[in-house]
Amino acid sequence: MPAHLLQEEMSSSYTTTTTITAPPSRILPNGEGKLEKTALHLDEEIRPEIKDDIYDPTYKDKEGPKPKTEYVWRNIILMFLLHLGALYGIALVPTSQVYTWLWAFFYYVVSALGITAGAHRLWSHRTYKARLPLRFFLIVANTMAFQNDVYEWSRDHRVHHKFSETDADPHNARRGFFFSHVGWLLVRKHPAVKEKGALLDLSDLKAEKLVMFQRRYYKPAVLLMCFILPTFVPWYFWGETFQHSLYVATFLRYAMVLNATWLVNSAAHLYGHRPYDKTINPRENVLVSLGAIGEGFHNYHHSFPYDYSTSEYRWHINLTTFFIDCMAALGLAYDRKKVSKEAILARAKRTGDGSYKSG
C-alpha cells in the first residue's frame, strides 16, 4: 500500500480525529471595521479544557530598566561538564561496539518521544488523548530525557506560547540565539516569567496522577533512567567498557537530546520561512525537525498549537506523528486534533509571508 494511503488509513482507523475547520486568526479588522474572532476565542471553543497556551497579543513588556542578570553557577558548571563529556564521547564513538551505537540511538528516540509526544503534544497542549499504558510509557520516556518533570516543562511551555518573544517567555528568542538555546537555563528566570506562570490554570496537570507521581519522585527516577540504566545495559549485557558506556550511551546521547530540543527554541525561532504567520517569530526549519523528530514545523505549530501533528504534513519528517498514529491504530491514542485544509489555506493567505506551498 502506498505510504500516503497507509497514513490516511492509520489516521482514521480505530479512533476519532477531530478536524478543526474554523480558521484561527489574530485580531484583524474586516471591511466593516468589526473584529474577527481571535485565536484565543476559537481555541476556547475547540478545547474548553485548556485556554492558557494560546498567544496573547495584548501583553506588552513593562517599560523601564531590565533586572540584573543572575547566573546559576551550578547549572553552568554541570552543563559545561556534560558537554565536555559528550565531546569525549564523540572521540570514543569509532571504538564503541555496534550494539552500543544502536542502544544509544534507541535511547535517544525513546527519550525524545517523552518530550515530543509526551510533555509537548499530550500534556502541554492536549492535542490528543492517551490511555493509561501510553501515558505510563511517555512518563518513563520523559524521565529518560531529563528536561524537568512534565508539570514544570508544560507550565513553562504554556507561558512560552502565551507570551512568546516577551520577557514572560522563558526562552525569549529576542534575547539572541545563545539565550534561547541554553542561556535561559544558566540564569535566573525573568520576574515576568514567574509572575505570568503563576497565573496559568494548571489544574489538568495537577489532576493527572502520573504527572504528579513523576514530580514527587523525579530526582531518583532521573538518576536511574537517564544515567544509571543507559550506562549499565551496554556494560553488563554485551561487555562494552564502562568508559564507552558512560561517555557514549549516556553523556553523548543525553547532550544530543538536549540540544535537539533546544534548537526548537533557538534555530526554529530565528531561521526559516513563515508561511502561515509572518507576524510571529517561529519558523519552519526542516533540519530542526530531523533532530527533534518532527518539532521543527514551528511557524505552523505556533499558528495552530492544538494540532496533534504540529505540522500540516503529518508523517513528513515527523516521527512523533507517526508514533502517535501507530498508538491510535492500537487504540492507545484517540481524539487527535487536526486543522482542516481550508483553515490552513485561509491562514496562509491572510497572514503568511508568501512562501506557502500546498502539499
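The values are calculated or read from the model by the stated rules, or taken from the named source; none is laboratory data. A quick note: this is a predicted structure, and the numbers were derived from the prediction, not measured. All Cβ positions, glycine included, derive from the backbone under ideal geometry; neighbour counts span all protein chains shown.
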Evaluate the range 64-75: report whether one residue or more is surrounded by fewer than 20 Cβ atoms within 10 Å (Cβ to Cβ), in contact with a strand residue (DSSP E or B) (Cβ under 9 Å, 6 or more places away or on another chain), in a helix (DSSP H, G or I) and not hydroxyl-bearing (S, T, Y). yes
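Per-residue answers, yes or no, for (1) modelled with pLDDT under 95; (2) within 25 Å of A333 (Cα to Cα); (3) more than 21 Å from the chain's Cα centre (by Cα):
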site: M79; (1), (2), (3): no, no, no
site: A91; (1), (2), (3): no, no, yes
site: T95; (1), (2), (3): no, no, yes
site: V110; (1), (2), (3): no, yes, no
site: W123; (1), (2), (3): no, yes, no
site: A130; (1), (2), (3): no, yes, no
site: L134; (1), (2), (3): no, yes, no
site: T143; (1), (2), (3): no, yes, no
site: D156; (1), (2), (3): no, yes, no
List pairs: first residue in the range 93-105 and within 13 Å of S245 (Cβ to Cβ) and in contact (Cβ under 8 Å) with a residue 40 or more places away in the chain, second residue surrounded by 14 or more Cβ atoms within 10 Å (Cβ to Cβ) and of a type in the set (K, R) anywhere in the structure, Cβ distance under 8 angstrom, at least six positions apart or on different chains. A104/R253
Taking into account only those residues within the range 312-323 that are at pLDDT 95 or above and not aromatic (F, W, Y), which is surrounded by the fewest Cβ atoms within 10 Å (Cβ to Cβ)? L319
Which pairs have Cβ atoms under 8 Å, sit 6 or more apart or on different chains, and link a residue in the range 232-248 that is under 17 Å from F105 (Cα atoms) and surrounded by fewer than 16 Cβ atoms within 10 Å (Cβ to Cβ) to one that is at pLDDT 95 or above and not hydroxyl-bearing (S, T, Y)? W238/Q97
Considering the range 260-295 alone, what residues qualify as being touching a strand residue (DSSP E or B) at 6+ places or on another chain (Cβ under 7 Å) and crowded, with 23+ Cβ neighbours inside 10 Å? P275, R283, E284, S289
Within the range 179-193, residues being free of Cβ contacts under 8 Å to residues at least 12 places away in the same chain and either exposed (fewer than 14 other Cβ atoms within 10 Å of the Cβ) or among the small types (G, A, S) (or both) number 1
With L202, L210 as the choices, which residue is surrounded by fewer than 22 Cβ atoms within 10 Å (Cβ to Cβ), modelled with pLDDT under 95 and under 30 Å from D335 (Cα atoms)? L202
Among (1) without any contact (Cβ under 8 Å) to a residue 40 or more places away in the chain; (2) part of a loop (DSSP other than H, G, I, E, B); (3) within 18 Å of the chain's Cα centre (by Cα), there is one condition R314 misses while meeting the rest; what is its number? (1)
Helices (runs of 4 or more DSSP H) wholly inside the range 178-217 that include at least 1 residues being closer than 27 Å to P65 by Cβ: 191-197
